[in-house]
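The values are calculated or read from the model by the stated rules, or taken from the named source; none is laboratory data. On a predicted model such as this, the values are computed, not experimentally measured, just so you know. Here the Cβ is made from the backbone with ideal geometry for all residues, glycine too, and neighbour counts use every protein chain on show. Only protein heavy atoms, including side chains, enter the accessible area calculation; ligands, DNA and RNA are left aside. Shrake-Rupley method; radii C 1.70, N 1.55, O 1.52, S 1.80 Å.
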Amino acid sequence: PVKRGFDSFYGFYNGQESYYNKTAHNGFDFRLDTPGDNGTVNSEVVWSAKSTYSTILYANRAAKVVHDHDQSKPLFLYLAMQSVHGPNEFLEKHYQMYEGIEKNRKRRRFLSMVTAMDDAAEVVVKALKQSGMWENTIFIFFSDNGGAVGRKGIGQVNYPLRGGKASYWEGGIRSSSFIHSSLIPGGLYNREMLHITDWLPTLTHLAACGPEPTNHECTGPDLGDIDGVNQWDAIIGAAKSNRAEFLVNIDPISKNSALRWGPWKLYHGNAGISGWKPPPRVNRDLYEDQNYQYYFQGPHSIMLFDVEADPAEKNEVSEANPDIVTTMLKRLNFYQNRTIPPRKLEEDPASRPGLFGGVWTPWLESC
């Protein structure tokens, strides 16, 4: 991150590591990085982080960044919480808060992790208020994907959306989000089409032009030919979305793809783990309807849904809308012709942490 414009980085390089001992894939992984001279990185292995729950560490680090900040300059703080990703580890005090959940221990652990994340958000907000920065802050909360379901689930519920993480279903690609700020109108519920790639042009526009609706006197920086678009006016309710479609994904290895165009969502091939997982402790018969189960026949299968009218993706309508299917297949082909082949590399033995004192460490000058 510090080679991509950040002033500091605090955390781990890998994924799915322990919240407590900071290990992942047989190596310790927790660092504080700051920029060095001539494009180098000053990287400190933070051994003292071992045994302290990571959510607490991130909250305290974020609060320190806020308190130490020179307020004559703007601040962009990206706090990518480990919560509530697996492994399913928690603080005992939060686990005891949900003692009424006796049978579903997985759900109880998950709620404990969510509560730790809530506490961390409170620490950051308090730091912003104590520093006098809160009234001039735009606070954005969002997730990168829906909760995992099936064997990989750790207690999440995406209902009434279908599917979950690692699938193309709405339960996998939609996530809860909100924005709070004294600088913008409150009480808005936004249903406009936004994609995660829109955050970069939106936030750079916001930094350059301020929170007022867009005018022709300030257009923000030119970021070139990127996938995202500035969505600030749509976010504050001053305009409609600046996009009419987005590519969900094209996977040449699994041979599947999906595209959203207006209210329509097209699947080509297997969309991943399906089904609807109802909330716990309810009458499952009220939430399950076997008439809505679909099975894919192979990589050439086509499914179409109107996800504005049917966000739960229960009614497949491709046969009734052949022209829509044809148009969207052409758009998928357009994106396919612009894709770069994935670099699916084998493990490099030279990267193993045992060669670096048991610590995950960058081992290549370039790749």
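What value, in deg cm²/dmol to 500, does the helix sum -39500 (n - 2.57) over DSSP H runs of n ≥ 4 give at 222 nm once divided by the residues of the chain?
Mean residue ellipticity at 222 nm (helix-derived): -7000 deg cm²/dmol.
Hey, what's segment 111-193 come to in accessible area per residue, 1.4 Å probe, Å²?
Per-residue accessible area for segment 111-193 comes out at 53 Å².
Charges at C-beta only: +1 for Lys and Arg, -1 for Asp and Glu. How large is the resulting dipole of the chain about its Cα centre, in Debye rounded to 20?
Computed charge dipole of the chain: roughly 1060 debye.
Each residue of segment 180-196 in order: what ³J(HN,Hα) in whole Hz does its phi give by Karplus 6.51 cos²θ - 1.76 cosθ + 1.60, θ = phi - 60°, with x for Gly and Pro?
The phi angles translate into 10, 6, 6, 8, 10, x, x, x, 9, 10, 9, 10, 6, 7, 10, 10, 4 Hz.
Pull out the extension gain between Tyr20 and Lys106, defined as 0.36 nm times the separation in residues minus the alpha carbon to alpha carbon distance; nm, one decimal.
Once the chain is fully extended between Tyr20 and Lys106, it gains 29.1 nm.
If I model a spin label as a point 7 Å beyond the Cα along the Cα-Cβ vector, how far apart are those points for Asn136 and Ala238 in nm?
2.0 nm
Using a Förster distance of 22 Å, how high is the FRET efficiency between Ala207 and Ile340, based on the Cβ-Cβ distance and rounded to 0.05?
Here the calculated transfer efficiency is 0.15.
Mind listing the phi-derived Karplus ³J(HN,Hα) values for segment 242-250, rounded to whole Hz, using 6.51, -1.76 and 1.60 with θ = phi - 60°, and x for any glycine or proline?
Listing the rounded values in order: 8, 10, 10, 7, 8, 7, 6, 4, 10 Hz.
Give me a comma-separated list of calculated 3J(HN,Hα) values for segment 343-358, in order, Karplus coefficients 6.51, -1.76, 1.60 applied at θ = phi - 60°, integers in Hz, x for any Gly or Pro.
With coefficients 6.51, -1.76 and 1.60, one gets 9, 9, 9, 7, 4, 8, x, 5, 8, 5, x, x, 7, 10, x, x Hz.
Taking the Cα-to-Cβ direction at Ser301 and at Trp363 and moving 7 Å from each Cα, how far apart do the two end points lie in nm?
4.0 nm
In this model, which of Lys106/Lys255; Lys50/Lys73; Lys3/Lys165; Lys240/Lys265; Lys129/Lys165; Lys22/Lys126 are farther than 24 Å apart at the alpha-carbon?
Too far apart for the 24 Å limit: Lys106/Lys255; Lys50/Lys73; Lys3/Lys165; Lys129/Lys165; Lys22/Lys126.
With the full set of protein chains in place, find how many percent of the accessible area of the chain is carbon and sulfur; take the probe as 1.4 Å.
Here it works out to 51 percent.
Within the chain, what's the longest run with no trypsin sites (Lys or Arg not before Pro) in a DSSP loop and at most 12 other beta-carbon atoms within 10 Å? Give the range, please.
1-102
Which percent of Cα-Cα pairs in segment 17-69 sits in each 10 Å bin, short to long?
23, 43, 30, 4
Just how far, in whole angstrom, is segment 160-218 from segment 76-145 if you go by their alpha carbon centroids?
With segment 76-145 and segment 160-218 each reduced to a Cα centre, they are spaced 20 Å.
Taking only Cα atoms of segment 112-198, what ratio of Rg to Rh do you get with Rh as the Kirkwood inverse-distance radius?
Dividing the radius of gyration by the Kirkwood radius yields 1.04.
Could you work out the longest stretch of the chain that avoids the GluC sites (Glu not before Pro) located in DSSP loops with at most 14 other Cβ atoms within 10 Å?
Free of exposed loop sites, the longest segment is 1-98.
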